[in-house]
Amino acid sequence: MAVRLAAKLHTGVVSADSRQCYDGMPIGTAWPSVAELSAAPHYFIGGYPVTTALTAADYEQIALKHLSDLFLTSDNAVVCGGTGLYIKALCEGLDAMPAVDEEIEKAVNEAYKNEGVAWLQEAIRAEDPTFFAIGEIANPARLIRALVFVRSTGKSILTFRTRTTRQRPFGIIKIGLELPREELYERINQRVNIMMQQGLEAEVRSLFPQRHLKNLQTVGYSELFEYIEGKCTYDYAVDKIKQHTRNYAKRQLTWFKKDPEIHWLTTNDKDIDDKIMQLIQ
């Protein structure tokens, strides 16, 4: 859909996926096909080594630069992807945050891996009671970030959140695409099968020596790392990739459904292209 839209508007597509930007991960992160890449210029696909830890704040600046370049020759640009925080950073801006200690981050992630979410919650309760009182204490990623932050800076991450939306020099139209849940899950299962046929296992094996990197702690890689380490069977790993991808899709929907600015359309709608063009016009 993004490629078709970009072609109609004579513009390019900027990815909003937090993993597609890394080299060496084309299959597991579902890079656009050769045909799609040739149908419209693409940005933020590859170009960064997997050892580079880009943040949402980095993406904000990178994506704004890509949009600025596109606007030199077109009145429109298309952004496509499912990393909610990256999209939020691009559309609304992020608060400036001090850097955290990488060793502390590594230690917290290791402790969470061994002790679980209950340990995280107790640590936050003791060290950052402000976050514990109003933060998302059921979200391990948010808990880890908050704990790393307070241990690195001595301050709660909440003290740096102003929630001030930045004004952008362009209009924004948000479009969400939906499928019936059963069809979505079946499509996910099929896509994982296709990825395995395309050589995802070989791709993961090539990255195995770097499996400790944060960028590789992601669906499609973590499960196959465990298979390669002999912790589970091949079929079990593939089933887990499907399950975890379905879980992730559900969390994505929950995130985006909270945004009142999104216009939701059903991908099975035969008039979907016309409806999108009407929204733009």
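The values are calculated or read from the model by the stated rules, or taken from the named source; none is laboratory data. What you see is a predicted model; the values in this text were computed from it and never measured. Here the Cβ is made from the backbone with ideal geometry for all residues, glycine too, and neighbour counts use every protein chain on show. Areas reflect the complete protein model, heavy atoms only, side chains present, ligands, DNA and RNA absent. Shrake-Rupley method; radii C 1.70, N 1.55, O 1.52, S 1.80 Å.
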Legend entry - Rounded percent of accessible protein surface that carbon and sulfur make up, region 1-56, 1.4 Å probe: 61 percent
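One quarter of the convex hull surface, Cα atoms only: what value does that give for region 157-281 in nm²?
11.7 nm²
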Legend entry - Area of Leu70 that stays accessible when all protein chains are in place (1.4 Å probe, Å², to 10): 10 Å²
Legend entry - Stokes-Einstein translational diffusion, region 128-178 - Kirkwood Rh over all Cα pairs, 0.692 mPa s, 37 °C, in µm²/s: 245 µm²/s
Legend entry - Per residue accessible area of region 114-175, 1.4 Å probe, in Å²: 62 Å²
Inset, instruction - Work out the count of Lys pairs in region 132-281 where the Cα-Cα distance is under 17 Å, with the pair 8 or more places apart or on different chains. - result: 7
Inset, instruction - For the chain, with a Gaussian network of springs between Cα atoms less than 10 Å apart, report the residue from Lys257, Lys270, Lys242 with the top mean-square fluctuation. - result: Lys270
Inset, instruction - Can you grab the distance from the C-alpha centre of region 131-185 to the C-alpha centre of region 224-281, Å, no decimals? - result: 18 Å
Legend entry - Unit Cα scatterers, Debye sum, region 19-93: log10 I(q)/I(0) for q = 0.12, 0.14, 0.20 Å⁻¹: -0.34, -0.47, -0.98
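For Phe170, Phe131, what's the largest-to-smallest order of accessible area, 1.4 Å probe?
Highest to lowest solvent-accessible surface, that is Phe170, Phe131.
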Legend entry - Kirkwood-based shape ratio for region 1-43, expressed as Rg/Rh from alpha carbons: 0.97
Legend entry - Expected 222 nm ellipticity per residue - DSSP helices of 4 or more, -39500 (n - 2.57), all of the chain, to 500: -16000 deg cm²/dmol
Legend entry - Cα-based radius of gyration of the chain once divided by 2.2 N^0.38 Å, which approximates compact folds: 1.06
Inset, instruction - Express in % the proportion of alpha carbon pairs of region 200-261 at distances exceeding 13 Å. - result: 64 percent
Inset, instruction - Calculate I(q)/I(0) for region 68-188 by the Debye formula, one identical point scatterer on each C-alpha and no solvent, and give its log10 at q = 0.16, 0.23 Å⁻¹ to two decimals. - result: -0.93, -1.24
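Are there any GluC sites (Glu not before Pro) in region 36-136 that are in a DSSP loop and have at most 14 other Cβ atoms within 10 Å? List them by number.
Glu136
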Inset, instruction - With all distinct Cα pairs included, what does the Kirkwood hydrodynamic radius of region 3-161 come out to in Å, to one decimal, could you say? - result: 17.6 Å
Inset, instruction - Leaving ligands, DNA and RNA out of it, report the carbon-plus-sulfur percent of the accessible area of region 131-281 at a 1.4 Å probe. - result: 50 percent
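Under the 0.36 nm per residue contour assumption, what length would be gained going from the current alpha-carbon distance of Ala99 and Thr52 to full extension?
Working: separation 47, 0.36 × 47 = 16.92 nm, distance 1.49 nm.
Contour length minus the Cα-Cα distance gives 15.4 nm.
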